[in-house]
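Have a look at the structure below, then the notes.
The values are calculated or read from the model by the stated rules, or taken from the named source; none is laboratory data. Quantities reported herein were computed from a predicted structural model and do not represent experimental measurements. Neighbour counts are summed over all protein chains in view; Cβ atoms, including those assigned to glycine, are modelled from backbone coordinates with ideal geometry.
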Amino acid sequence: MTLAPQLITGEFRRVYDDRYRIALPMESIETLTQPSADCVLAKEREGCLSLWNAQLWQERIEGGVELLRKKLELNLLQFDMAKVQRFTRLLSTRSRPVKLGQRGRLLVPEGFREFLAVEPNNEVIIVGAGFCLEIWNPEIWVQYLRDDIGQFNDLFKELIS
């Protein structure tokens, strides 16, 4: 995977407007849209969407899909066909290309709105997740932090060792 030259970080509160748009932080957009302004929106986990640079997303997905194809060609997954179908079903519905509007606004498409589970005219949390921006339902974000924040120091040590 080609890494972004700069990690996307930060936590921002934004209003999810009545037209299903979110104004994204400009400093994050500049990093996310290099070298191309094409983006992909993905369903990460319930209450969380992620916004990726399309080129980076494609590289991330293509490697895994190619490995899956090779395993299928070699009949290494013949007893796991139900898992292969489940994977491709989820892959088919997981992401879609999006364009950012003027002033860095993202229009959340149908099918993704329900997954985010935030009503219009309420806040969402935008989180820099290294290589992408994540858009969180605030209640789910707080729970995620409660569950994971205690592991920060161990994770940091592991990654820099």
Tally, over segment 108-161, of residues that are small (G, A, S), within 23 Å of P25 (Cα to Cα) and touching a strand residue (DSSP E or B) at 6+ places or on another chain (Cβ under 9 Å):
3
Look at E27 and say whether it is surrounded by 13 or more Cβ atoms within 10 Å (Cβ to Cβ), over 14 Å from the mean Cα position of the chain (by Cα), assigned to a helix (DSSP H, G or I) and not basic (K, R).
yes
Given the criterion of a type outside the set (V, I, T), assigned to a strand (DSSP E or B) and at pLDDT 80 or above, identify the matching residue among L67, L41, L76, L56.
L41
Only residues that are out of contact with any helix residue (DSSP H, G or I) (no Cβ under 8 Å at 6 or more places or on another chain) and either surrounded by 13 or more Cβ atoms within 10 Å (Cβ to Cβ) or within 30 Å of V118 (Cα to Cα) (or both): list them for segment 60-84, please.
R60, K71, D80
Out of L32, L49, L7, I need the residue that is among the aliphatic types (A, V, I, L, M), in contact with an Asp or Glu (Cβ under 8 Å, 6 or more places away or on another chain), under 14 Å from F131 (Cα atoms) and in contact (Cβ under 8 Å) with a residue 40 or more places away in the chain. Which one?
L49
Anything in segment 114-124 that is touching a residue at least 12 places away in the same chain (Cβ under 8 Å) and either surrounded by 11 or more Cβ atoms within 10 Å (Cβ to Cβ) or outside any loop (DSSP other than H, G, I, E, B) (or both)? List them, or say none.
F115, L116, A117, V118, P120, N122, E123, V124
May I ask you to say which residue of G111, G104 is at positive phi and exposed (fewer than 12 other Cβ atoms within 10 Å of the Cβ)?
G111
Any residue that is modelled with pLDDT of 95 or more and either touching a Cys at 6+ places or on another chain (Cβ under 8 Å) or among the charged types (D, E, K, R) (or both) - is there at least one of those in segment 25-35?
no
Condition met for G128 (of a type in the set (G, A, S) and either surrounded by fewer than 15 Cβ atoms within 10 Å (Cβ to Cβ) or without any contact (Cβ under 8 Å) to a residue 12 or more places away in the chain (or both))
no
Tell me yes or no: at least one residue of segment 93-106 is within 30 Å of D17 (Cβ to Cβ), in a helix (DSSP H, G or I), modelled with pLDDT under 90 and touching a helix residue (DSSP H, G or I) at 6+ places or on another chain (Cβ under 6 Å).
yes
